[in-house]
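Comments concern the structure below.
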Amino acid sequence: MQNKLQSGREDAPSPSRPEPAPDDIRFQLDRIIASPEFPRVGRSAAFLTYVTEEALAGRAERIKGYTIAVEVFKRSEAFKQDDPVVRIEAGRLRRLLERYYLVAGQHDPIRIDIPKGGYAPSFVWNEKADDAVAHDVDIPVPRRSSFGLQHLMPVGFGVGVMLGLSVVAIGLFAHMLAGQSKPLPFPEGPTLVVAPFADLGDGPQSELYSVGLTEELLTALPRFKEVHVFGRETSRSLSPGVPASQVRGELGARFLLAGGVRVSGERVRVTARLVETDTDKILWSATYDDDTHVRDLFSIQSDVANKVATAVAQPYGIMAQADAVNPPPDDVGVYTCTLGFYAYRAHLTVDQHADVRNCLEQAVERYPSFSTGWAMLSIIYLDEERFRFNTRSGTPAAVEHSLSAARRGVQLDAGNTRALQALMTALFFNQQVAEALKIGEQALETNPNDTELLGEFGTRVAQSGQWERGAALLDRAIALNPAAGGYYHGMRGFAAYMLHDKKTALMEISQADLQKFPLYHAVAAVIYVDADMMDDARREARRFNEMRPDFIPNIVAELKSRNFQPADRARMIADIRRAGLPAMDEVEASMVLPTKWPPVSVP
């Protein structure tokens with residue numbers, strides 16, 4: 001058996017070492033497929049097995065795109081070479097093998113590669129391999145006798161997790177990570193393919209609009225960094241009516257976004273739907289109508305694309321909801337941490353905080369280039385101090401730790417909205433308000449439809465004294481994300497309180513319902529005082545004081561650390577006192593506290 005026969009290359013075996021034997025190559029093949037670092041998506045395992053066995057049987061010259069399409073992808077004999085399925089999957093397989101040998105397979109004795117320019121594999125001794133022989137490496141390998149091509153479809157394991165119950169999954173994943181020490185280049189999130197939107201007539205405008213809308217979607221969707229969107233080349237290679245099962249089988253994507261455009265006179269109608277590819281279930285659909293007499297086509301398609309992207313891809317959107325209820329079986333991993341992070345943000349409980357922090361710390365150790373993970377960890381670190389959640393002694397201080405993690409996230413990906421959000425928030429609590437709001441504006445330009453950012457930025461703008469603008473940003477976040485966490489509503493109620501809008505304040509605080517979050521009760525207390533609902537105000541004030549007994553004795557410093565303006569601080573302290581808590585005003589506090597404020601917590 002010659003290497004040039006297997007791979008089509010003229011590589012010569014080392015004169016001092018014989019070529020890898022067929023049994024050794026098959027053992028290496030099994031090792032790769034069994035490894036958790038070889039994700040079982042699409043038909044990569046079937047592809048690799050087929051070309052390896054063909055080469056070992058001496059049929060390397062028969063390994064062509066046509067034979068792979070028929071034998072592996074079960075295409076009919078009418079398969080045409082302009083169908084990109086083999087080319088796309090070969091590119092995926094090359095990337096998976098490259099990743100495998102960078103991580104788990106660094107010291108494997110044999111390298112299996114698919115050289116560019118063809119589909120036949122090469123088998124060479126791994127120059128980085130340790131002196132240990134293959135059977136000395138403790139990696140589980142399945143029995144080949146029960147592992148034929150018919151079983152090489154994606155196989156995995158499910159994790160039953162909902163947003164409110166994600167702690168269990170986070171704990172399990174943290175346990176999984178504990179045994180992993182080698183860093184990986186990046187984690188995967190939910191995968192989405194955008195099929196070209198169908199031209200449903202009438203005339204050239206409809207065709208122009210359908211193409212333009214698809215392009216707009218491929219621009220808007222990748223702004224949400226938690227989602228992995230297949231690129232333009234993949235999208236263009238598909239037909240508008242591509243079956244969901246084909247997307248799942250050939251690309252391994254869990255979600256398919258498709259739709260159509262109809263133009264009739266001055267009326268434009270766009271239909272869009274999100275399909276779960278493994279069940280062919282439509283998770284979401286919407287219809288958008290517009291008038292070209294009022295707005296031009298470019299404005300319409302941009303607006304529709306932003307609405308669709310926000311609905312399906314935002315942190316609390318359709319895909320996140322689907323993954324929270326039924327996590328993808330072949331994508332269990334760091335994405336579990338991100339689901340847990342948003343579950344925590346929705347409820348803000350101390351128990352969830354500890355689990356998410358542990359999960360994210362191990363995730364960024366394993367994936368040091370995971371920008372979104374660093375951003376989330378920055379926010380989690382900040383919560384140690386501003387909410388007094390699971391505080392830890394030592395250096396650096398929580399705010400400094402938060403700022404360092406946020407800067408790391410932005411350094412890794414300057415266009416990552418979550419990283420910019422984290423940097424904005426960390427700077428705000430580091431008393432660099434002007435710089436924080438500048439970063440917030442930059443983040444808003446990067447992705448104006450990210451509701452997590454809108455809610456956080458609106459909060460910071462409001463606390464700095466711009467209550468009307470902060471309220472408007474929070475209103476937009478809630479409008480784009482009706483299922484938003486209570487944090488949005490609680491802060492919107494607080495903004496209404498500051499704007500003397502009692503009706504809105506009462507309505508919003510009733511929708512927040514963050515019973516395990518201490519500051520919710522403080523906000524509720526002042527809102528009820530302003531509405532002259534004194535019994536409710538005293539109840540909430542007592543509850544707050546029970547949960548955060550350290551806050552009231554340090555209330556001036558606490559409010560200053562949150563960058564509230566002097567007049568706003570005075571009003572809040574007066575209403576807290578009316579609710580029955582012994583809060584000192586700033587004059588009283590200045591008489592008993594040192595001139596230099598001690599370290600305190602922050603929101």
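The values are calculated or read from the model by the stated rules, or taken from the named source; none is laboratory data. In this text, all values refer to a predicted model and were calculated from it rather than measured experimentally. For neighbour counting, all protein chains shown are included, and Cβ atoms are generated from backbone atoms with ideal geometry for every residue, glycine included.
Kindly indicate the residue of the range 41-73 that is in a loop (DSSP other than H, G, I, E, B) and closer than 25 Å to ARG248 by Cα and also modelled with the lowest pLDDT among those meeting that condition.
Checking each candidate, the answer is VAL41.
Name the pairs: first residue in the range 551-574 and on the phi > 0 side of the Ramachandran plot, second residue assigned to a helix (DSSP H, G or I), Cβ to Cβ under 6 Å, at least 6 apart or on different chains?
Going by the 6 Å Cβ cut-off, the qualifying pairs are ASN563/VAL433; ASN563/GLN463.
Considering only the range 476-547, give the helices (runs of 4 or more DSSP H) lying wholly within it that have at least 1 residues that are more than 30 Å from ASN449 (Cα to Cα).
518-530, 534-547
Restricting attention to the range 490-519, which residues are touching a residue at least 24 places away in the same chain (Cβ under 8 Å) and under 16 Å from HIS347 (Cβ atoms)?
Within the range 490-519, GLY490, MET491, GLN511, ALA512, ASP513, LEU514, LYS516, PHE517, PRO518, LEU519 meet the criteria.
Take the residues in the range 26-40 that are among the charged types (D, E, K, R) and modelled with pLDDT of 85 or more, then tell me which one is surrounded by the most Cβ atoms within 10 Å (Cβ to Cβ).
ARG31
Report the residue count in the range 224-276 for those that are more than 30 Å from GLN205 (Cβ to Cβ) and either out of contact with any strand residue (DSSP E or B) (no Cβ under 7 Å at 6 or more places or on another chain) or touching a residue at least 60 places away in the same chain (Cβ under 8 Å) (or both).
Residues meeting the conditions: 11.
Can you tell me which residues in the range 8-25 are buried (at least 17 other Cβ atoms within 10 Å of the Cβ) and either outside the structural domain of LEU102 (by TED's automatic domain parsing) or modelled with pLDDT under 85 (or both)?
Correct list: GLY8 only.
What's the number of the only condition in (1) more than 20 Å from the chain's Cα centre (by Cα); (2) in a loop (DSSP other than H, G, I, E, B); (3) touching a residue at least 12 places away in the same chain (Cβ under 8 Å) that GLY415 fails to meet?
The failed condition is (1).
Find the helices (runs of 4 or more DSSP H) located wholly in the range 197-291 whose residues include 1 or more that are surrounded by fewer than 18 Cβ atoms within 10 Å (Cβ to Cβ) and aliphatic (A, V, I, L, M), and list them.
Answer list for the range 197-291: 204-220.
Among the residues of the range 476-509, write down those that are under 24 Å from PHE341 (Cα atoms) and out of contact with any helix residue (DSSP H, G or I) (no Cβ under 7 Å at 6 or more places or on another chain).
Scanning the range 476-509 gives ALA479, PRO482, ALA483.
Sort out which residues of the range 109-126 are in a loop (DSSP other than H, G, I, E, B) and either modelled with pLDDT of 90 or more or within 19 Å of ALA46 (Cβ to Cβ) (or both), and write them in order of number.
PRO109, ILE114, GLY118, TYR119, ALA120, PRO121
Output the residues belonging to the range 391-406 that are out of contact with any Phe, Trp or Tyr (no Cβ under 7 Å at 6 or more places or on another chain) and modelled with pLDDT under 95.
Those that are out of contact with any Phe, Trp or Tyr (no Cβ under 7 Å at 6 or more places or on another chain) and modelled with pLDDT under 95: THR391, ARG392, SER393, GLY394, THR395, PRO396, ALA397, GLU400.
Given the structure, is GLN106 modelled with pLDDT of 50 or more and surrounded by fewer than 16 Cβ atoms within 10 Å (Cβ to Cβ)?
yes
The conditions are (1) assigned to a helix (DSSP H, G or I); (2) at pLDDT below 90, and VAL308 fails exactly one of them. Which is it?
For VAL308, the exception is condition (2).
Checking GLN431 against (1) more than 11 Å from SER371 (Cβ to Cβ); (2) part of a helix (DSSP H, G or I), only one condition comes out false. Which one?
Result: GLN431 passes all but (2).
Within the range 368-381, how many residues turn out to be farther than 15 Å from HIS401 by Cβ and buried (at least 21 other Cβ atoms within 10 Å of the Cβ)?
Qualifying residue count for the region: 3.
Can you find even one residue in the range 492-503 that is modelled with pLDDT of 95 or more, buried (at least 22 other Cβ atoms within 10 Å of the Cβ), under 27 Å from the mean Cα position of the chain (by Cα) and not small (Gly, Ala, Ser)?
Scanning the range 492-503 turns up at least one residue that is modelled with pLDDT of 95 or more, buried (at least 22 other Cβ atoms within 10 Å of the Cβ), under 27 Å from the mean Cα position of the chain (by Cα) and not small (Gly, Ala, Ser).
Which one of these does ALA524 not meet: (1) closer than 25 Å to ASP383 by Cα; (2) at pLDDT below 95?
(2)
Can you confirm whether the range 571-579 contains a residue that is more than 36 Å from the chain's Cα centre (by Cα) and among the acidic types (Asp, Glu)?
yes
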